[in-house]
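The values are calculated or read from the model by the stated rules, or taken from the named source; none is laboratory data. Computed from a predicted structure; not experimentally measured. So basically every Cβ, Gly included, is an ideal-geometry build from the backbone, and we count neighbours across all protein chains shown. SASA here: full protein model, heavy atoms, side chains in, ligands and nucleic acids out. Shrake-Rupley method; radii C 1.70, N 1.55, O 1.52, S 1.80 Å.
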Amino acid sequence: MDDKDVLILAIESSCDETAAAVVKNGREVLSNVISSQIELHKLYGGVVPEIASRKHIEKINQVIEEALSTANVTLDDLDAVGVTYGPGLVGALLVGVAEAKAISYAKKLPLVGVHHIEGHISANYIENKDLEPPFLCMVVSGGHTHLVMVEDYGTYKILGRTRDDAAGEAFDKVARAIGLGYPGGPKIDKLSKEGNPKAISFPKAHVEGAPLDFSFSGLKSSVLNYINSCKMKGETIVPADIAASFQEAVVSVIVEKTIMAAREYGIDKVCLAGGVASNSALRSRMKESCQKQNLKFYYPSPILCTDNAAMIGAAAYYEYLAGARAGLDLNAVPNLKIGQR
Ligand code: KG4
Ligand code: ZN
């Protein structure tokens, strides 16, 4: 360790993953521990907030201890503590925030509050050491669909967003309709490989007067209508074709709007972020389109796409360098806006 190195313990508990990581200088991950509650929430077909909070409390100390020991550091080696304080489930966020404040107070360490989506975006810094703003980032997660211009570290401009469902939410709902279970994204991704993306023509929703905005609820309804009308007509449905055709509709809209924004704003670097960024069709289609347009394309490994604390550590580092410090009155903000201090 160099004297100038900045070692951050990062904590993430905004939804159903209890996670802690130790990150050096924003880009080097010394440990990245994730305790997923997916098996628990599967029983209910989605995340149950009360269960999530309770599980975070049970797991958080263990996850932090593991993150420190894997990184071979102690609390005394740290320079700061970073924590997700929004957006997310309030009870879930509070567990991470309270823990981070306790460590910060006990060890007299600076506390840095991190926006969850800024974390997802920053996941791209970890494996792409050359990546620097400005760049365009398409954030597609279970709760968010934002087309973001990263003007500088910590400076974000939202160019487009969903008007209704998030991309991941649409994946999860369609998966449920064809009996695939929760979380649906990875299951649709896998099943689509056996289906024909051109089998059914689902609508590629565009928002009138807002070319960079998204809308996925109409697409979801049209998948449900298709299934119902097949049932009424006594026709058998082919889940793999539904999955592949639905995925095609989502992926083509996301890629088209991202490329359109890159051209409009004269940006030559494009990134993906969030859970849906690990979708194989989205990755390959975006890669192909970026190559055609001479744009550089970046995306995180799947483990850094879904919720994790390493990405929070990366975002916290740049906030820390910019002098952002939270007080012990830091609170969870369930609807925190991006780029807000
Ligand atoms: O980023 P994330 O872990 O949590 C939020 O911040 O929302 O994203 C979870 C979402 C879920 O909706 C899940 O179905 C989706 O990401 N997802 C995928 C894939 N892997 C995860 N969607 C499509 N294809 C995938 N391979
Ligand atoms: Zn997330």
- Query: What list of ³J(HN,Hα) couplings, whole Hz, do you get for segment 62-77 from phi and the Karplus terms 6.51, -1.76, 1.60, once you set θ to phi - 60° and write x for glycine and proline?
  - Reply: 4, 5, 5, 4, 5, 5, 5, 5, 5, 7, 6, 10, 10, 4, 5, 7
- Message: Please report the antiparallel percentage of the DSSP beta bridges confined to segment 49-182, to the nearest 5.
- Response: 70
- Counting only protein heavy atoms and rolling a 1.4 Å probe, one gets per residue an accessible area for segment 94-233 in Å² of 43
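Kirkwood hydrodynamic radius for segment 123-240: how many Å is it when counted over pairs of different Cα atoms?
16.3 Å is the Kirkwood radius here.
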- Message: For a Förster distance of 30 Å, can you work out the FRET efficiency between the beta-carbons of Ser301 and Glu39, rounded to the nearest 0.05?
- Response: 0.85
- Message: Calculate log10 I(q)/I(0) of segment 63-141 for q = 0.11, 0.15, 0.17, 0.19 Å⁻¹, where I(q) comes from the Debye formula with a single equal point scatterer on each Cα and nothing for solvent.
- Response: -0.38, -0.69, -0.85, -1.00
- Item | 0 to 90° range, to nearest 10: angle between helix 90-107 axis and the chain longest Cα axis | 20
- Ser284 label point, 7 Å along Cα→Cβ, cut-off 19 Å on backbone N: hits in segment 161-203? 185-200
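How high is the FRET efficiency from Ala199 to Lys292, r the C-beta distance, R0 30 Å, rounded to 0.05?
In this case the efficiency is close to 0.70.
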- Query: On the accessible surface of segment 121-187, probed at 1.4 Å, how many percent belong to carbon and sulfur atoms?
  - Reply: 47
- Task: Taking the Cα centre of segment 280-341 as origin, sum charge times position over the Cβ atoms of Lys and Arg (+1) and Asp and Glu (-1), and report the length of that vector in debye to the nearest 20.
- Result: 360
- Where both partners of a DSSP beta bridge lie in the chain, what percent of those bridges are antiparallel, to the nearest 5? 60
- Message: Going by Cα centres, segment 108-166 and segment 273-328 are how many Å apart?
- Response: 7
- Quickly rank 243-249, 145-151 as a protection proxy: mean count of other C-beta atoms within 10 Å, highest first. 243-249, 145-151
- Under a straight-distance cross-link criterion of Cα-Cα below 16 Å, which aspartates and glutamates are reachable from Lys193, leaving out those fewer than 8 residues away in the same chain? Asp241, Glu248
- Message: With an 8 Å Cα cut-off and a minimum separation of 6 or more residues, compute the relative contact order for segment 205-341 in percent.
- Response: 17
- Item | Charge dipole (debye, nearest 20) of segment 173-249; +1 at Cβ of Lys and Arg, -1 at Cβ of Asp and Glu | 240
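With charges only on Cβ, +1 for K and R and -1 for D and E, what is the dipole size of the chain about its Cα centre, in debye, rounded to 20?
It works out to roughly 960 debye.
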- For the chain, compute Rh as the Kirkwood radius over C-alpha pairs and then the Stokes-Einstein diffusion coefficient at 10 °C and 1.306 mPa s; write the answer in µm²/s, rounded to an integer. 78
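Roll a 1.4 angstrom probe over the protein heavy atoms and tell me the percent of accessible area of segment 237-341 that is carbon or sulfur.
Whole-percent figure for carbon plus sulfur exposure: 49.
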